[in-house]
Protein chains: 2
Amino acid sequence: MVIPIVLGLGVFSLLVALMYARQVANVRIEDGASSPEEVGRLKEISGAIAEGAMAFLRREYTVLGGFMLAFAVIIFFVIKDVHNVSLPFGAYSAISFLIGAGISILSGYIGMRIATIGNVRTAAAARISLEQSFSIAFRSGAVMGFGLTGLAVLGLMLVYMGFDFFLPQELHNRDLVIMEILSGFGLGGSSVALFGRVGGGIYTKAADVGADLVGKVEAGIPEDDPRNPAVIADNVGDNVGDIAGMGADLFGSVAESTCAAMVIGATAFATVPTDMKQAALLFPLAISGIGIIASFISLFFARPKVENKVENALKAVLVISTLLMLGMVYPLTMNMVPKEFSLTAGGTMYTQMGVFYSVAAGLISGLLIGLITEYYTSHRYGPVRQVANASKTGAATNIIYGLALGYNSAVLPMILIGITVVIGYHYAGMYGIAMAAIGMLGTIAVGLTIDAYGPVSDNAGGIAEMAEMGKDIRTRTDALDAAGNTTAAIGKGFAIGSAALTSLALTSAFLTRANITNVNVLEPQVMFGLMIGSALPFAFSAMTMRSVGLAALAMIEEVRRQFRTIPGLLEGKARADYAKCVEISTDASIKQMIAPGLLVILSPLIVGFFGGVQMLAGVLIGSLITGVMLAISMANSGGAWDNAKKYIETGQLGGKGSDTHKAAVVGDTVGDPFKDTSGPALNILIKLMAIISLVFVPFFL
Amino acid sequence: MVIPIVLGLGVFSLLVALMYARQVANVRIEDGASSPEEVGRLKEISGAIAEGAMAFLRREYTVLGGFMLAFAVIIFFVIKDVHNVSLPFGAYSAISFLIGAGISILSGYIGMRIATIGNVRTAAAARISLEQSFSIAFRSGAVMGFGLTGLAVLGLMLVYMGFDFFLPQELHNRDLVIMEILSGFGLGGSSVALFGRVGGGIYTKAADVGADLVGKVEAGIPEDDPRNPAVIADNVGDNVGDIAGMGADLFGSVAESTCAAMVIGATAFATVPTDMKQAALLFPLAISGIGIIASFISLFFARPKVENKVENALKAVLVISTLLMLGMVYPLTMNMVPKEFSLTAGGTMYTQMGVFYSVAAGLISGLLIGLITEYYTSHRYGPVRQVANASKTGAATNIIYGLALGYNSAVLPMILIGITVVIGYHYAGMYGIAMAAIGMLGTIAVGLTIDAYGPVSDNAGGIAEMAEMGKDIRTRTDALDAAGNTTAAIGKGFAIGSAALTSLALTSAFLTRANITNVNVLEPQVMFGLMIGSALPFAFSAMTMRSVGLAALAMIEEVRRQFRTIPGLLEGKARADYAKCVEISTDASIKQMIAPGLLVILSPLIVGFFGGVQMLAGVLIGSLITGVMLAISMANSGGAWDNAKKYIETGQLGGKGSDTHKAAVVGDTVGDPFKDTSGPALNILIKLMAIISLVFVPFFL
């Protein structure tokens, strides 16, 4: 019964995505246009953005494709038949890996397609009403949210079914073998995410910083001005980073946490009677499945009527989906999880109820982390206003306060993650930690909808500006965009929180698989591992920050060159060479993502092979804790600087153009690589190192 | 034999300090003065600095005195007689604590006295020659270095002897009991350091930032201009932060690492024959003792003849003292440490040679960390020049590159600390880790000499400027100061490296005392502890950074008020009210140091009491690893920004006054609280939490 229901929910999710995609695509750009020229401009600009986005994806996926094949070959040769079941373990894992990678690539592609269709239609619909415009942006987001969730659930289920069908029934440790093969799927998803997040993050910020520094600061032209040669690259960047990157990140989290839970579950439920076993094993997937329903219902509560209530409407959706989930998880747990179970023969007994508590802890702490993030990054509250205030004494005090805000903002989320781990572990051991991650990701469809809504609105504003649609239209798209900024910060908090739990779940699965129950910090190899691990996020952040710097420098030089060599460009008489800037961002990001990518992939392999699994466990935990602290503080410092600038732009503290504003712009620029490159990329670092350890553990032992 | 020799070395160290103090004091300010007015100005300015410094110390020590007494009362009541030996454990520990605190206070006082005598004499001697001026600054530093080391060695030895004499001979576990009581001494020293580092750090940067932002940026007057009302407070701040704060920090490290080594040693050498036992027990103190000789000999190699060779002369001293130490530690180990020993009955056997390897690992990695720090913070090398280059595109890119440099610079030192821990543990278990810390601190007398040399030269430059001694003099003091900047950065790297090892040694001693041999990260309370611990340095840094911001704001307002209300001040016709600015810095720093101080002191007590020793172990290790990473990256970002600015001021990239220079000034200002407040204060956080855990462990069990 479980399999058809989950499959049905996956298909339902895809249908929801398809329905919304049609609704978005059916919006006619011509309706209500003030002139045929406006329609022409809209089509031209959105065409350029779409073309740039697809050009980037093609280039990225070509590089990725080669890399994935090479990685698959390594998996094929290196992964050993640890259970001595005479199966081509390497081959199976490689297949699972390639399917995971393929689906992740497909999800990114779908997200980019709909975002580049939805952006111009959101701008067009703003001619009619705020509500109409919001609904197009929101539905574009939902295509991403439900499409990706549906693909994740279906993909995991079908791969499971495939190996379940294919593997001999009498196999020893059959369930565990299947789940271990399935972890290749998670690895595939996460490897794509690495390049999506890192490459996308570098792309978007190189374009943004380059466009801002030369356009806004040097040439004195406004944001999104069509005279700026980097403006199309900047708009492409929003999609590349926040749609494809974020999507791949969260797809990876869902796939990985599900794999982790199922690997641990395969051991835990080994002795459960056959008729109840499949339900117990597939319970993590069922939660993701019903999350689709909860998310779908909550969508109907997103109905903003007034411009300054958009943020509340989006927050309401998050709260309602969490509450619905809580109500639905309870009966599901009672029906699918055995009344009592233990993770090892003769180990501690856990209960159904304990599993429910674990899932609930994840769900609730995810919501709380989101709300804490909002408090630290929205200019409705004290912290951001303090940063704005500190800009009065110059850029230096703006930076000092912004950094301090970021450091501070990471403390409570870290404690919440800690409490969730304690609850999960107390009530259901390592399985509880994995289920807390599944719980936090339960409302992923709606979370992603809101995340993807942001860049679509942002793009819509850019298009409205470039197509000179007039001030009223821009006010509406700005209202949508402002709400998107805050929800983007919430989304980042949520992404790192779930990445932390996912990484812990994967680490738990890795330890379960390596038969390790004790990681003693007092052993020197563990301590050494902790130290190396704690240094990795710092090394990685330094690399990605400098990559942005180098890429932005190339962009700056190109924009300056165009201003210098294209006659009449600054007067608006000539057209900028947008394609050249898109090419520079694409080239730079693809080149610069290699080194940090290799650091993340090679570190666990080298440590695992030469230092052993105990040291590797230390590395995973060390990088997890400093990674989470750094990622949250970077994301929130960045968000706060951005919104402190926006707060001043509302006319506070001297308003736009004042010295205070100029100081705030410095913070905003520093925050760009913080919040959109290095911070989010750390999610991938902690998850990918853990799943590599899980998949390659037979090789280390 | 050991006791008289160590006592003799301690006395020798004090005599060296006394000799240098006399030589410094004997320099006549009048010699070679261009006019009686100049002498008058010199005396007036240096008098104001000395007065401000002493006023701060009086205020700080009054607050501290009350706090120390209260803390002693808590120790008196809370520390239990864990060995059931019917001794007033609490009373003994409280006495030991008060002596440690008292000696630390005395060291700070001596350092401040000599610095405020030496600064003006360094300026005066610059009239004669660079070499003469260097030698006064260097000898002032040596008074601090040898005075403090002598007091530390003598204090520890005399307290040991006191309790050895006083306690009944037939006492069970007698050595261990004495060493545990002795840890109160370390706690006392470290508690003073907390306030010295935090309060001093806030003082110095509030004055510096305040003076810079209003004076240099708003009013456009040069640094150290006598018209700036905050200029005396700024010069006082150099002494308060870098002399009293740094001294208390390193005094704490010596006292704590010695206590840690002796607590572990008391268990390890319990079965050693009586005639060899005392030598083995007191081996850590003997190393500190011979360090005095190695340091003294190396002083004679500090002979810079040319202005741009000052830095090399100082580095040579560091290298030579390390090599001398290596040569002297070997025979010492062979004579004092038993050929074979184990830390627990029937545990792994370790050898003499293993102890030597541990000490050597500490010594060498200390030197290497210093040299790595120099690479990242001196503008002779690539990293700082990249930061300077990035200032061409504005303050934002300067900040991004500076932060990335800091993150990167912490990676290798962390790995070196890790390798040292592995070597120490492999060759001599937890005793090896403690001995590595002792080794790293072996050349402390010369390290402190070089550290204290910096602010004395810095002050000399300020005094020369304010007393209008002319350009030639200023060029000489600038050359001394520039070298001091780099050695200050080296000193900070060394301080955090030794703090990390000391903290690990204390944690080891704490675990030894709590009879814990397994801290399993997979236990939820340990994992929770790790997470909380990793968040503490972030919370603490945020607090101290904002404290600097608040204190600087008060200073800014006062300076603005004086410019506004004192007629003729900016024209140089009226005298600024320096005392008022000194008072504001003093008040603000003393008020602002309370909250971060309580965070550090209460966290281990609360966790230990409510969460238990396992969770506390997690907290200590978590805060150690993120604390070290943050502290090194903050110190080096700050040092790099400072020197990037100085590099531009040498005429590169447009030189002083250019836009590039303005961008670099923003980085320098952000770096101030980084490198002089938050970064160094983290040393204390990680050490103090560990020694509180060690002293209070009977209370938790």
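Here are the numbers:
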read-out	value
Copies compared at B:L599 - label distances in nm, ascending, label defined 7 Å from Cα in the Cβ direction	2.6
Label point 7 Å beyond Cα along the C-beta direction, distances from B:K339 to other copies (nm, shortest first)	6.8
Mean Cα-pair separation over length for the range A:607-701, i.e. relative contact order, pairs under 8 Å, 6 or more apart, %	42 percent
Solvent-accessible area buried by pairing A with B, both sides, nearest 100 square angstrom, 1.4 angstrom probe	5700 Å²
Unit charges on C-beta of K, R, D, E only; dipole of the range A:490-599, Debye	260 debye
Selection of chymotrypsin sites (Phe, Trp or Tyr not before Pro), the range B:205-302, meeting DSSP coil and at most 12 other Cβ within 10 Å	B:F300
Between 0 and 90°, nearest 10: helix B:679-700 axis offset from chain B longest Cα axis	30 degrees
Probe 1.4 Å, protein heavy atoms only - accessible area per residue of chain B in square angstrom	30 Å²
In degrees, nearest ten, helix A:594-606 long axis to first principal axis of chain A (Cα)	10 degrees
Separation of alpha-carbon centers, the range B:166-180 and the range A:249-303, rounded to whole Å	60 Å
Qualifying GluC sites (Glu not before Pro) in the range A:159-255, DSSP loop, other Cβ atoms within 10 Å at most 11	A:E170
Peptide B:410-420, shielding by other chains (average Cβ, 10 Å cutoff)	4
Calculated from backbone phi, Karplus (6.51, -1.76, 1.60) coupling profile of the range B:472-488 in Hz, x at Gly/Pro	4, 4, 5, 4, 5, 5, 5, 4, 5, 5, 4, 5, x, 4, 5, 5, 5
Relative contact order for the range B:1-156, counting Cα pairs under 8 Å that sit 6 or more residues apart, in percent	43 percent
Pairwise FRET efficiency - A:K309 versus B:V73, Cβ, R0 = 45 Å, nearest 0.05	0.20
Surface share of carbon and sulfur [accessible, 1.4 angstrom probe, percent] for the protein assembly as shown	62 percent
Inter-chain shielding of A:546-556 (mean C-beta neighbours from other protein chains, 10 Å cut-off)	3
Amide H partners (placed H, <5 Å) of B:Y350, local residues excluded	B:F341, B:S342
In order through the range B:170-176: 3J(HN,Hα) via Karplus (6.51 cos²θ - 1.76 cosθ + 1.60), integer Hz, x for Gly, Pro	7, 4, 5, 6, 4, 4, 4
Only Lys, Arg (+1) and Asp, Glu (-1) charged, at Cβ; the range B:115-232 dipole about Cα centre in debye	300 debye
Percentage relative contact order, chain A, counting C-alpha pairs under 8 Å, at least six apart	21 percent
Cα centroid of the range B:198-234 to Cα centroid of the range A:356-411, whole Å	31 Å
Peptide A:620-631, shielding by other chains (average Cβ, 10 Å cutoff)	5
Nm distances between copies for B:T271, ranked from closest, using label points 7 Å along Cα→Cβ	4.2
Where trypsin sites (Lys or Arg not before Pro) in DSSP loops with at most 16 other Cβ within 10 Å are excluded, longest remaining stretch of chain B	B:81-304
Unit charges on C-beta of K, R, D, E only; dipole of the range B:272-410, Debye	440 debye
Burial order of peptide ranges B:366-374, B:67-75 (average beta-carbon count within 10 Å, highest first)	B:366-374, B:67-75
On Cα atoms only, tilt of B:524-565 relative to the major axis of chain B in degrees	30 degrees
Whole-Hz ³J(HN,Hα) from phi, Karplus 6.51 cos²θ - 1.76 cosθ + 1.60, for the range A:194-200, glycine and proline x	3, 6, x, 5, 6, x, x
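The values are calculated or read from the model by the stated rules, or taken from the named source; none is laboratory data. Bear in mind that the values here come from a model prediction, so they are computed numbers and not experimental data. Reconstructed Cβ throughout: ideal geometry from the backbone, glycine too, with neighbour counts over all protein chains shown. For accessibility, only protein heavy atoms count, side chains too; no ligands or nucleic acids. Shrake-Rupley method; radii C 1.70, N 1.55, O 1.52, S 1.80 Å.
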